[in-house]
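**Q** Starting off with a structure, shown below.
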Amino acid sequence: MINIHRTNSDNSDFRALVQLLDQDLQRRDGEEHSFYAQYNKIDKIQHVVTASKDGVAVGCGAIKAFTTEAAEVKRMFVLEECRGHGIAQQVLQELERWAKELGYTSCVLETGKKQPEAIRLYQKSGYALIPNYGQYIGVENSVCMQKAL
């Protein structure tokens, strides 16, 4: 049984999972990691979701305002040994519910071409490719997506 919890970026489980996420992304992105890291600060994120199994944090994600209509999905991660069990999908669904409750009509996100499992998750969850936005315009490794809520 997976328990889903709404919190914020002060949550110690979230912070520990983000450290593991950053290690994973450093390994995947190599030299490009520092470019992405500057846009993934977690200070003052007010809308964080953690997933736990048997009292242990196994996954997380967050949303933050992108525009007045769209929330941006950030910091999605599931422990490697827990992948393939639908945890990321549960976290994403809770983030989308929360975004809708906050009045957003869509969610946007950026992920990397070196994260094919993330791309599959988002496509399976109804996200469609959009032109790269903001700081990701012209970035070859970036994939941007959007979903209407």
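The values are calculated or read from the model by the stated rules, or taken from the named source; none is laboratory data. Since this is a predicted model, take the numbers as computed values, not measurements. Reconstructed Cβ throughout: ideal geometry from the backbone, glycine too, with neighbour counts over all protein chains shown.
**Q** List every residue pair whose Cβ atoms lie under 7 Å apart, where the two residues are 6 or more positions apart in sequence or sit on different chains, the first residue falls within region 12-28 and is among the aromatic types (Phe, Trp, Tyr), and the second residue, located anywhere, is modelled with pLDDT of 85 or more.
**A** Phe14/Thr7; Phe14/Val48; Phe14/Thr50; Phe14/Cys60
**Q** Checking Lys64 against (1) in a strand (DSSP E or B); (2) over 19 Å from His5 (Cα atoms); (3) free of Cβ contacts under 8 Å to residues at least 24 places away in the same chain, which test does it fail?
**A** Condition (2) is where Lys64 drops out.
**Q** Given the criterion within 15 Å of the chain's Cα centre (by Cα), within 13 Å of Lys147 (Cβ to Cβ) and either surrounded by fewer than 24 Cβ atoms within 10 Å (Cβ to Cβ) or of a type outside the set (Gly, Ala, Ser) (or both), identify the matching residue among Glu94, Glu72.
**A** That would be Glu72, the only listed residue that is within 15 Å of the chain's Cα centre (by Cα), within 13 Å of Lys147 (Cβ to Cβ) and either surrounded by fewer than 24 Cβ atoms within 10 Å (Cβ to Cβ) or of a type outside the set (Gly, Ala, Ser) (or both).
**Q** So, one more: Yes or no: Ala51 buried (at least 17 other Cβ atoms within 10 Å of the Cβ), at pLDDT 90 or above and touching a Lys or Arg at 6+ places or on another chain (Cβ under 6 Å)?
**A** Taking the combined requirement at face value, the residue does not satisfy it.
**Q** Give me the pairs, please: first residue somewhere in region 104-131 and acidic (Asp, Glu), second residue anywhere and modelled with pLDDT under 95 and surrounded by 13 or more Cβ atoms within 10 Å (Cβ to Cβ), beta-carbon distance under 7 Å, and either six or more positions apart or on two chains.
**A** These pairs meet every condition: Glu110/Tyr136; Glu110/Ser142.
**Q** In addition: Only residues that are closer than 14 Å to Leu95 by Cβ, part of a loop (DSSP other than H, G, I, E, B) and not hydroxyl-bearing (Ser, Thr, Tyr): list them for region 108-130, please.
**A** Across region 108-130, the qualifying residue is only Gly126.
**Q** The conditions are (1) surrounded by 12 or more Cβ atoms within 10 Å (Cβ to Cβ); (2) more than 21 Å from Phe77 (Cα to Cα); (3) modelled with pLDDT under 95, and Gly138 fails exactly one of them. Which is it?
**A** Evaluating Gly138 over (1) surrounded by 12 or more Cβ atoms within 10 Å (Cβ to Cβ); (2) more than 21 Å from Phe77 (Cα to Cα); (3) modelled with pLDDT under 95 leaves (1) as the failure.
**Q** If you don't mind, there's one more thing I want to ask. Which one of these is among the basic types (Lys, Arg) and modelled with pLDDT of 95 or more: Arg75, Arg97, Arg83?
**A** Residue meeting the stated conditions: Arg97.
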